[in-house]
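Below: one structure, written as structure tokens.
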Amino acid sequence: MTLPLLRLENVDKVFVKKTMMGKKSYIHAVRGITLDIQRGEALGIVGESGCGKSTLASLIIRLETLTRGKIILDGTDVTSLKEKDLRPLRRFVQIVFQDPYSSLSPRMTVEEILTEPLKIMTKLSKAEMHAKVTALLELVGMNASCLDRYPHEFSGGQRQRISIARALTTEPEILILDEPTSALDVSVQAQVLNLLNDLRQKLHLTYIFISHNLAVVKYISDRTAVMYAGQIVELGPSEKIMLEPLHPYTRELIAALPAVGKKLKPLTKAADMTENVAQERGCPYQNRCPLVDLRCKSERPPLAQFEPGHFLACWGVTKS
Amino acid sequence: MTSTDSKTTGAAAAAPILQIKDLNVTLRKEQELIPILHHVNLTVHAGEIVGLVGESGSGKSMTASAVTQLLPGGSKSLQGSINFCGEELTTKSEKEMAHYRGKEIAMIFQEPMTCLNPVFTVGQQLEDVICTHQHLQGGEAHARAIAMLENVHIKEPEKMLKAYPYELSGGMRQRAMIAIALSCSPKLLIADEPTTALDVTIQAQILGLVKEAADKAGAGVIFISHDLGVIAQVCDSIAVMYSGEIVEAGTAVEVLTTPRHPYTKALLAAIPGFTPKGAERLELCAIPGMVPDPREHMDGCRFAPRCSVCGENCTAKHPPLHVAGDGRSVCCWKEAEAGDTAITAS
């Protein structure tokens, strides 16, 4: 196997929260994640709110510093780089955020939004920048007449196209997409997803696609990682994860997907405010798991290969 | 939509809870007239969940606001009739409407964070509604509040009553909202995109609660969403809205399995789902363009510029509403041109 474009080694992130009384509390947001992402691959990361998927994205672009572990980008260890040495990394890895309403400055025109990264990262002349920005807008399916307009004049789908164009200005290799379609209508979501697939082919991009909706992730990504409470609980080809899920949590996610012709499951268990709190000891999913037994309560299951290319962190699922 | 639904055929004789007939709404904003709803017809029976589906700007939420008389400010003109349990709501005064809102007609909104008051506990907000509308006091109101929270499957209602909204997760907040909405046993519940801000797993639970409200409490529900997948799971009948008009209506099963309007077909095709093996990476069918500005005047069908089967007639004249018995109606020239034979045959 060739050298991965991006390698995460045992990445940990612990947030420390100080209360008014000076007491400290710890939140283990990302726990021991090891991942290899190959050049040109699209990796999906899926899980509920609070499972650490967005924290992981922030760690990769170093908006947050790691507590433990290593991030190796194209062979270089970027874990402990200083802010000013991070510039090349920022150029190399770009991100598109979830909310196209709050992630574009309302006081800048589209041209200003798109040229800002170029001014910081490159030494292009004004004319060159204008040409580049026009080409980028066309690439995302908009035309140059939009350049003088402000974000509020556009719909959610168009704003997300502008966000994507902005992320592409520095010609990144890796694009992190943090729930890029969650705020959009289904019909517009389909437009944006098609655009992302096109761009990936045209520009040979590597995607890290984050979402809570498995159907959307499957549509974009080759491999999918399912996260729960800061850990990867299942990792494998997207097709496998969707059609033959192994981990009980993945199954729960798939069962919850709304679909035409699917009947709603009756409410069985009463919800509990503490139910979703991940357990420090044993498997984090034990409170919600139908397969839970004694071992799950005492020992944390490691992410181990179940079949070639398909990894699983569960004591309950065994090969039959 | 007329009174047909497999589930309620027995009670079909009973008068509907809500009947909207030929509703037209025009807002006036700085000398400009903006027509936002055109000839909307909608009927909701007790225990029935009616889905209103369409993109942003299609008029779903405006229809709901018209029912509660909460249309955005400024002068507006409202034509047509909104009949709620025999009472005409369009002519009611603000004071009379206050009696209906929250008691007879309850609403659940999309953003549970912005709908709950952050400086009051869930208990205060829940008991407030109960005291106002049911004239219960102290202990009785408290007991009722606990019962309501148990209704929405909250294990420790006492603890929840003392919690402030920020202490709760999105799903829990939405449960609290539902408990508040159901606390006065409303006859009509309007759920405006109640699950859009939630995770898929929590979404499934909230959908279950809405369904319970209709099944157990017998409330009529208007369920608003842009996702036909979500609508499919809970609704008995569906009305598809586009640019202020209902373009297709019928029972959920019929609309979903044999969609007739090109817009309904396109919405269904836009849902990313389980593509069968081998059919990997199919192009998702996006609908090009977006919903037209309500100010834009169109002679023909309002969907024509985005329609894949748009013909000559479509841009020239507005299509007639084709009523095909059994509560099914489609507003499309293709349907009208195909003639009644095709409709009676199916």
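The values are calculated or read from the model by the stated rules, or taken from the named source; none is laboratory data. Quick caveat: nothing in here was measured; it's all calculated off a predicted structure. We place every Cβ from the backbone using ideal geometry, glycine too, and count neighbours over all the protein chains shown. Note: accessible area is taken over every heavy atom of the protein model, side chains too, but ligands, DNA and RNA are not part of it. Shrake-Rupley method; radii C 1.70, N 1.55, O 1.52, S 1.80 Å.
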Subset tally (residues that are within 13 Å of A:E179 (Cα to Cα) and away from chain B (no Cβ under 11 Å)) for the range A:212-238: 0
Residue within the range B:152-159 that is over 23 Å from B:G57 (Cα atoms), crowded, with 22+ Cβ neighbours inside 10 Å and within 11 Å of another protein chain (Cβ to nearest Cβ) present: yes
Identity of the residue in the range B:55-72, in a loop (DSSP other than H, G, I, E, B) and touching a strand residue (DSSP E or B) at 6+ places or on another chain (Cβ under 9 Å), that ends up nearest to the other protein chains (Cβ to nearest Cβ): B:E55
Positions within the range A:74-116 being aliphatic (A, V, I, L, M) and either open to solvent by less than 20 Å² (accessible area, probe 1.4 Å) or under 22 Å from the mean Cα position of the chain (by Cα) (or both), in sequence order: A:V78, A:L86, A:L89, A:V93, A:I95, A:V96, A:L104, A:V110, A:I113, A:L114
Residue satisfying condition, being closer than 22 Å to B:I202 by Cβ and within 12 Å of chain A (Cβ to nearest Cβ), within set B:Q125, B:Q174: B:Q174
The range B:81-112, residues that are out of contact with any helix residue (DSSP H, G or I) (no Cβ under 9 Å at 6 or more places or on another chain) and not in a loop (DSSP other than H, G, I, E, B): B:S81, B:N83, B:E88, B:E94, B:K95, B:E96, B:A98
Among the candidates A:L175, A:L193, residue that is within 13 Å of another protein chain (Cβ to nearest Cβ), modelled with pLDDT of 90 or more and in contact with a Ser or Thr (Cβ under 8 Å, 6 or more places away or on another chain): A:L193
Residue tally, condition open to solvent by 30 Å² or more (accessible area, probe 1.4 Å) and away from chain A (no Cβ under 12 Å), over the range B:194-208: 0
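Hey, among the residues in the range B:288-298 that are surrounded by fewer than 17 Cβ atoms within 10 Å (Cβ to Cβ) and within 13 Å of chain A (Cβ to nearest Cβ), which one's farthest from A:L199 (Cα to Cα)?
Within the range B:288-298, the match that is farthest from A:L199 (Cα to Cα) is B:D293.
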Residue within the range A:161-168 that is in contact with a Gly (Cβ under 7 Å, 6 or more places away or on another chain), within 14 Å of chain B (Cβ to nearest Cβ) and open to solvent by 10 Å² or more (accessible area, probe 1.4 Å) present: yes
Candidates B:C314, B:C301, B:C310, B:C285, filtered to the one that is modelled with pLDDT of 80 or more and either open to solvent by less than 20 Å² (accessible area, probe 1.4 Å) or within 14 Å of another protein chain (Cβ to nearest Cβ) (or both): B:C314
Residues of the range A:7-29 satisfying the condition of being β-branched (V, I, T) and exposed (fewer than 13 other Cβ atoms within 10 Å of the Cβ): A:V16, A:T19
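Residue check: is A:T67 among the polar types (S, T, N, Q), within 30 Å of A:P248 (Cβ to Cβ), surrounded by 18 or more Cβ atoms within 10 Å (Cβ to Cβ) and in contact with a Lys or Arg (Cβ under 8 Å, 6 or more places away or on another chain)?
no
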Qualifying residue in the range A:160-169 (condition: more than 17 Å from A:L203 (Cα to Cα) and touching a Pro at 6+ places or on another chain (Cβ under 6 Å)): yes
Any hit, the range B:184-193, residues being touching a residue at least 60 places away in the same chain (Cβ under 8 Å), part of a helix (DSSP H, G or I) and within 12 Å of another protein chain (Cβ to nearest Cβ): no
Candidates B:T91, B:T68, B:T121, filtered to the one that is among the hydroxyl-bearing types (S, T, Y) and open to solvent by less than 10 Å² (accessible area, probe 1.4 Å): B:T68
Only one of A:A304, A:A278, A:A255 that is at pLDDT 85 or above, within 14 Å of chain B (Cβ to nearest Cβ) and open to solvent by 20 Å² or more (accessible area, probe 1.4 Å): A:A255
Of all residues making up the range A:197-211, the number that are within 13 Å of chain B (Cβ to nearest Cβ) and surrounded by fewer than 23 Cβ atoms within 10 Å (Cβ to Cβ): 4
Residue tally, condition β-branched (V, I, T) and surrounded by 24 or more Cβ atoms within 10 Å (Cβ to Cβ), over the range A:173-185: 2
One residue from B:M107, B:M148 being out of contact with any Asp or Glu (no Cβ under 9 Å at 6 or more places or on another chain) and hydrophobic (A, V, I, L, M, F, W, C): B:M148
Exclusive hit being over 29 Å from B:M148 (Cβ atoms) and free of Cβ contacts under 8 Å to residues at least 60 places away in the same chain, set B:E55, B:E88, B:E96: B:E88
Residue tally, condition within 12 Å of chain A (Cβ to nearest Cβ) and open to solvent by 10 Å² or more (accessible area, probe 1.4 Å), over the range B:209-224: 4
